[in-house]
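Working notes, structure below.
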Amino acid sequence: MRVFIAYAIDDHNKIKLGEIQKNLREIYQNGRFKPPKNMHMTLKFLGEISVGQFERLKAEIDAVINNHKSQIAEFNQLGFFGNATRNHTLWIGCHNDPAMISLSEALAKCAALAGISFSNTPFVPHITLAQHGTLLKPLPEINSFIIRLGQVCIFLSSRIEGELIYQPLKCWTLK
C-alpha cells in the first residue's frame, strides 16, 4: 500500500482552495490540478509499506499523538517546486511553525520505529494545487485565509478506474 501522513483539510476550506485553483488556470497551463477532495497538507510521505508496517505505524502514532495540538495556519503565499517555467508543483503555503515541524519529526520517528524507509525531505508546509504545468505569468498575490489543522490521518494513495484517490485509513483528532 502507498501511504502518506497528512493534516486533513475540511470541506469548507477545500472549496476555498478550489476557487484559488480556478483563478490560477489562466497562468498555469497544461498542468494537472488536484481535485479539491484530495487536498491535504503532507507531514510525511512514506511510499509503499506492508500491512504489518501499517499496523506498527498506527501503534507508534497512538503513543505520541497526544503530545501534539491542533494548529491555526494562515495560508498567504503561492509558490512552486521545480524550475521556473516547466514541470513544477504549484502550491499554497503558510509559515513554517515550530509545532508543525515537531509533529512532522515525531511522525518520521514513528515511521522509523515501524520499520519504514522514507526520504528525509525537509518539511515545507504547503498544499499542492497543481503539478506538471507551465507558469505563464508571475504568481499573483492572494487573500490570506485561516485553516485549523486539527486532524492527522494516514492516507492511502491509489488509482480507482484511472482516478487518483486519497483515502484516510486512520485519523487522530488533535486537541
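Bear in mind that the values in this text are calculations on the coordinates, not laboratory data. Because the structure is a prediction, the values reported are computed rather than measured. So basically every Cβ, Gly included, is an ideal-geometry build from the backbone, and we count neighbours across all protein chains shown.
Numbers below:
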read-out: Every residue from the stretch 120-157 that is of a type outside the set (A, V, I, L, M) and either farther than 17 Å from Met41 by Cβ or touching a helix residue (DSSP H, G or I) at 6+ places or on another chain (Cβ under 7 Å) (or both); value: Asn120, Phe123, Pro125, His132, Gly133, Thr134, Lys137, Pro138, Pro140, Glu141, Asn143, Phe145
read-out: Count of the stretch 11-51 residues which are in a helix (DSSP H, G or I), of a type outside the set (S, T, N, Q) and in contact with a helix residue (DSSP H, G or I) (Cβ under 8 Å, 6 or more places away or on another chain); value: 6
read-out: Residue match in the stretch 45-58 (condition: in contact with a strand residue (DSSP E or B) (Cβ under 7 Å, 6 or more places away or on another chain) and over 20 Å from Ala108 (Cβ atoms)); value: no
read-out: Identity of the residue in the stretch 28-58, under 17 Å from Phe80 (Cα atoms) and surrounded by fewer than 16 Cβ atoms within 10 Å (Cβ to Cβ), that ends up nearest to the chain's Cα centre (by Cα); value: Arg32
read-out: Wholly enclosed strands (runs of 3 or more DSSP E) of the stretch 59-175 bearing at least 2 residues touching a Lys or Arg at 6+ places or on another chain (Cβ under 7 Å), touching a residue at least 24 places away in the same chain (Cβ under 8 Å) and of a type in the set (Val, Ile, Thr); value: 126-135
read-out: Asp10 of a type outside the set (Val, Ile, Thr), over 17 Å from Cys110 (Cα atoms) and surrounded by fewer than 16 Cβ atoms within 10 Å (Cβ to Cβ); value: yes
